[in-house]
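The values are calculated or read from the model by the stated rules, or taken from the named source; none is laboratory data. Not measured: the values here are computed from a predicted model. Cβ placement follows ideal geometry from the backbone for every residue including glycine, while neighbour counts extend to all protein chains displayed.
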Amino acid sequence: MDEKVPMAEFRRLYDTVFPVLFRVAYRIANSEEAAEDLCQEAFFRLYEKNMVFPNPDEAKYWLIRVVKNAALNYAKRRDRERKAYQKAFREYVKVEETGENTLIKQETQAEIQEALKQLPENLRMVLILKEYGELNYKEIGRALGISEGNVKVRVFRARERLTGLLTKDGSHVS
């Protein structure tokens, strides 16, 4: 390290700021190991770039921003990985078809179809396009000539009504 920032000053900054950074990173990343790594990485960046700040508070706030952003990125990445893993796991799980499973599935599908018929057409159509057509909100909006926001509202309302109809009839569909 060039002597722009003396080692003693860097060590003092590390000792005073690390506990704060760790708490921030831990609350966001929800992992002690990740929090420690993120804090170390922030200090390494500060040291590597040989950054000089007008006062220790400025360095502290810079480090907090770096750790906060890194922890948010870590949490998002971990969430995406978890969802991808769950999706992959579900796709490979093969449910053994029995006569009972088939009968329950047929009865459930019939109940859902009956409940769908009871929905107003504007709600029924968005739900059919979303769930059976596997279209995204933007595609549904284009197909029906309505805004994407309107599609989201209608899908939400349709699901709520459908759930209400199915639970009112004593069905066990969720």
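Tabulated results
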quantity: Qualifying residue in region 6-15 (condition: free of Cβ contacts under 8 Å to residues at least 40 places away in the same chain, in contact with a helix residue (DSSP H, G or I) (Cβ under 9 Å, 6 or more places away or on another chain) and among the basic types (Lys, Arg)); calculated: no
quantity: Hey, residue 45 surrounded by 14 or more Cβ atoms within 10 Å (Cβ to Cβ) and more than 24 Å from the chain's Cα centre (by Cα) or not; calculated: yes
quantity: Test: residue in region 46-67 that is polar (S, T, N, Q) and assigned by TED's automatic domain parsing to the domain that holds residue 20; calculated: yes
quantity: In region 121-169, the residues that are exposed (fewer than 14 other Cβ atoms within 10 Å of the Cβ) and among the hydroxyl-bearing types (Ser, Thr, Tyr); calculated: 132, 147, 167
quantity: Condition check for residue 84: of a type in the set (A, V, I, L, M), loosely packed, with under 10 Cβ neighbours inside 10 Å and at negative phi; calculated: no
quantity: Residues of region 85-115 that turn out to be of a type in the set (A, V, I, L, M, F, W, C) and either modelled with pLDDT of 85 or more or in contact with a His (Cβ under 6 Å, 6 or more places away or on another chain) (or both), as a count; calculated: 1
quantity: Candidates 38, 46, 119, 72, filtered to the one that is closer than 30 Å to residue 164 by Cβ and out of contact with any Pro (no Cβ under 7 Å at 6 or more places or on another chain); calculated: 119
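Residue-wise test of (1) at pLDDT 95 or above; (2) assigned by TED's automatic domain parsing to the domain that holds residue 69; (3) of a type in the set (A, V, I, L, M, F, W, C).
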position: 11; (1), (2), (3): no, yes, no
position: 14; (1), (2), (3): no, yes, no
position: 17; (1), (2), (3): no, yes, yes
position: 22; (1), (2), (3): no, yes, yes
position: 32; (1), (2), (3): no, yes, no
position: 36; (1), (2), (3): yes, yes, no
position: 44; (1), (2), (3): no, yes, yes
